[in-house]
Structure formats: structure tokens, C-alpha cells
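Structure first, commentary second.
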Amino acid sequence: MTADSPLSEPVTRFAPSPTGLLHLGHAYAAFQAFDAAKKGRFILRMEDVDQSRCRPEYEAAIYEDLAWLGLVWDKPVRRQSEHFAAYDAALNRLRGEGLIYPCFCTRADIAAATSAPHVGPEGPVYSGTCRHLSQGDRQARIDAGTPFALRLKTDDAHARAGGLVWHDATRGAIEATPEIFGDVVLARKDTPTSYHLACTYDDAQQGVTLVTRGIDLFAATHIHRLLQALLKLPTPQYAHHGLIVGADGKKYSKRDKAPTLRALRESGKNADDIRQMLREENVPGAVLWE
Ligand code: GLU
């Protein structure tokens with residue numbers, strides 16, 4: 001089988017963060033993963049590394065909403081907050097290869113260091129101040145208890161890994177260009193991992209062979225592909241789907257008070273109604289199909 005062959009029994013996943021109630025955009029993403037699993041397996045993962053924003057009641061609501069939508073997932077559900085030691089081991093491996101460094105910069109430092117920042121997929125690309133600190137300087141700050149994040153030397157890492165390709169269902173073979181992120185954060189100051197590291201590690205750990213997710217995370221795959229190479233993890237196939245947008249043309253989000261699945265349920269709708277609402281012609285505004 002080549003990397004491009006459709007998978008007969010894909011393992012897919014839905015990986016929400018329990019930071020709020022699910023809305024129609026989540027239902028769309030969950031259906032994409034569930035329907036793509038066909039004869040394969042559908043996995044659920046709680047991306048709850050940001051413990052300050054995650055709540056058990058939102059996790060419980062996710063189970064309730066997905067069951068209401070008629071989805072069935074493999075048990076047990078993986079919670080990222082229970083696997084910090086594994087992410088730490090992955091970071092140690094990268095540390096041993098000289099590919100990460102501590103970054104003590106505050107947001108204000110970063111803004112001050114970059115008057116005309118080069119903007120990447122996650123905002124201004126880091127200027128690299130802490131990459132050039134002497135070992136003594138680094139140790140002194142660590143000893144002083146200055147909080148730090150861990151950043152990847154993305155260009156060096158990519159040079160070490162060599163040319164990398166991943167496969168997207170609609171766009172075909174994509175050459176990875178992780179440099180567009182600059183030196184990406186792999187462990188945050190407030191939590192000992194990051195979305196990129198935990199997600200990439202877990203997709204491999206859970207045996208995911210087809211990652212379905214929104215087009216807003218397309219660029220993230222460049223970094224994930226690099227991390228797979230560095231950590232010797234398998235590369236799944238990818239299918240980045242369009243996003244549900246509201247009548248104002250903006251993507252549905254928790255912050256915009258998009259109608260929640262709970263509210264739709266309480267208004268008397270059922271799972272078929274939700275599937276029907278998510279058909280292109282019925283969505284207020286548009287569905288950006290890719
Ligand atoms: N946890 C991410 C989110 O809620 C999804 C990550 C992914 O699918 O890779 O947007």
C-alpha cells in the first residue's frame with residue numbers, strides 16, 4: 001500500500017478541548033471523523049492540557065452531546081492531562097539531541113523584540129532572543145526560578161530530519177514547511193506540553209491512521225510532520241475539512257456564543273435534525289467546503 005491509498009479500516013479521532021459546550025462546528029467535525037471511520041475505529045480524546053480552562057462539567061457535556069448525536073467511540077477515552085510524563089519523555093529526547101531550548105521571554109519581551117514581525121500561522125514568528133543565550137545565562141535564569149517555555153529549533157530540526165511529505169485527502173502530497181512557524185513552543189510556561197506535541201504524540205499513541213480536522217489546522221500539520229520524524233512516530237493520512245460559518249461569515253466558536261448542541265437539543269431537535277442542518281444548503285451563511 002502506498003501512502004496515498006485510501007484506508008479500508010481507518011482509525012479516526014475527535015479531539016475536543018473541554019473548555020465550553022460543543023456547538024454546530026464541533027458536531028460537523030465529529031461527524032467527519034465518525035463517518036470517515038466506516039469499518040475502522042473512532043476514538044475520542046480530551047485535549048485538556050490547559051488545566052486552567054478545562055472543566056469536568058464540559059467533559060461530561062461532550063459525552064452527553066456526542067451520544068445524543070448517535071456517535072459511539074472506543075473506550076477508554078484518553079485524557080491528555082494524564083500523560084504529562086510521556087510528553088516530558090518526548091521533550092527529553094529532543095533535548096538530548098540539542099533541538100529545544102528554554103525561552104524566558106514574556107509576551108511584552110516578544111512584542112518589544114519584534115518591531116516588524118514576520119507573521120506565521122500562529123502570529124508573529126519568535127525572533128530567537130533566547131536561542132542565543134549563553135549556557136551560563138540560561139542556567140542563571142533557571143536557578144533564579146524564571147519561568148520558561150521550551151521552543152524547538154525548527155530550522156535545525158528540519159535540516160536534521162530531511163525533506164518531509166504528508167498526504168492530505170483533497171490536496172494530495174504536501175511538502176512540509178515547518179519553518180513558517182519559526183521556533184514553535186513545545187512546552188508552555190504554564191503547562192509542560194503544547195497542543196502540537198501532545199496531539200502529535202497522542203495520534204501515534206492511539207494508532208490514529210486518518211486525522212480529520214478543520215482547515216484552520218492545516219498549517220499545524222507541517223509541525224506535526226516534523227515532530228513525527230524527530231520522535232520516530234508514524235505519519236497518518238490527513239483530511240482537512242471546511243469550517244461551518246455563521247450568518248456573519250465567521251467560523252463558529254465558543255467565544256461567539258454560537259448555538260450550543262445542548263441548546264439545540266433542549267429546543268427539541270434530534271441528531272437527524274443536526275445532520276440536516278449541517279447540509280451545505282441549510283447552513284446560514286456558508287459552509288466553506290475544501
Ligand atoms: N483540540 C483541538 C480543537 O479543539 C483539535 C485538535 C486536532 O483536531 O488536531 O480545536
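Nothing in this text is a laboratory measurement; each read-out follows from the coordinates by a stated rule. Note that the structure is a prediction, hence the values are computed from the model and not measured. All Cβ positions, glycine included, derive from the backbone under ideal geometry; neighbour counts span all protein chains shown.
Taking the Cβ of each residue in Phe34, Phe218 as the centre, tally the other Cβ atoms inside 10 Å and list the residues starting with the fewest.
Phe218, Phe34
About the Cα centre, and with charges only on the beta carbon of Lys, Arg (+1) and Asp, Glu (-1), how big is the dipole of the range 182-254? Nearest 20 debye, please.
Around 40 debye, computed over the range 182-254.
Express as a percent, rounded to the nearest 5, the fraction of DSSP beta bridges in the range 1-125 (both residues included) that run antiparallel.
25
Taking θ as phi - 60°, what are the ³J(HN,Hα) couplings along the range 63-76 by the Karplus curve (6.51, -1.76, 1.60), each to the nearest whole Hz, with x for Gly and Pro?
4, 5, 5, 5, 5, 4, 6, x, 8, 10, 10, 5, 10, x
Evaluate the relative contact order of the range 44-192 (contact order divided by residue number), counting alpha-carbon pairs under 8 angstrom at least 6 apart; express in whole percent.
RCO, the range 44-192: 24 percent.
Could you check which residue among Ala90, Ala204, Ala112 shows the biggest mean-square fluctuation in a GNM of the chain with a 10 Å Cα cutoff?
Result: Ala112 has the largest fluctuation of those listed.
By the scheme Lys and Arg +1, Asp and Glu -1, what is the net charge of all other residues having a beta-carbon under 9 Å from that of Pro10?
+2
Highest GNM mean-square fluctuation, the chain, Cα pairs closer than 10 Å: which of Asp65, Asp50, Asp35?
Evaluated over the chain, the most mobile residue of the options is Asp35.
How much FRET efficiency would the formula 1/(1 + (r/R0)^6) give for Phe84 and Ala263, where r is the Cβ-Cβ distance and R0 is 45 Å, rounded to 0.05?
0.85
What does the charge dipole of the chain about its Cα centre add up to, to the nearest 20 debye, if the Cβ of each Lys and Arg holds +1 and the Cβ of each Asp and Glu holds -1?
The calculated dipole for the chain is roughly 320 debye.
Please give the residues of the range 88-114, grouped as numeric ranges, whose backbone N is less than 13 Å from a label point set 7 Å along the Cα-to-Cβ vector of Asp137.
Correct set: 102-105.
Given the C-alpha atoms of the range 1-64, compute the convex hull and give its volume per residue in Å³.
Convex hull volume per residue, Cα atoms: 97 Å³.
Would you report the distance distribution of C-alpha pairs in the chain as whole percents per 10 angstrom bin, up to the bin with the largest distance?
In order of increasing distance, the bins hold 6, 25, 33, 24, 10, 2, 0 percent.
Lys269: which aspartates and glutamates have alpha carbons under 16 Å from its alpha carbon, excluding same-chain residues fewer than 8 sequence positions away?
Glu64, Asp65
Give me Arg188, Arg13 sorted ascending by neighbouring Cβ count inside 10 Å, so fewest comes first.
If I rank by nearby Cβ atoms, fewest first, I get Arg188, Arg13.
Taking amide H positions as placed in the peptide plane 1.01 Å from N, state which residues far from Ala239 in sequence (5 or more) or on other chains have amide H under 5 Å from it.
Ala169, Val211, Thr212, Arg213
Would you mind checking Lys38/Lys75; Lys153/Lys232; Lys153/Lys189 for any pair whose Cα atoms are more than 23 angstrom apart?
Beyond 23 Å: nothing from the list.
Label points 7 Å out from Cα along the Cβ direction at Ser5 and Leu217: separation in nm?
2.7
Quick check on the exposure proxy: order Ser194, Ser253 from fewest to most C-beta atoms within 10 angstrom.
Ser253, Ser194
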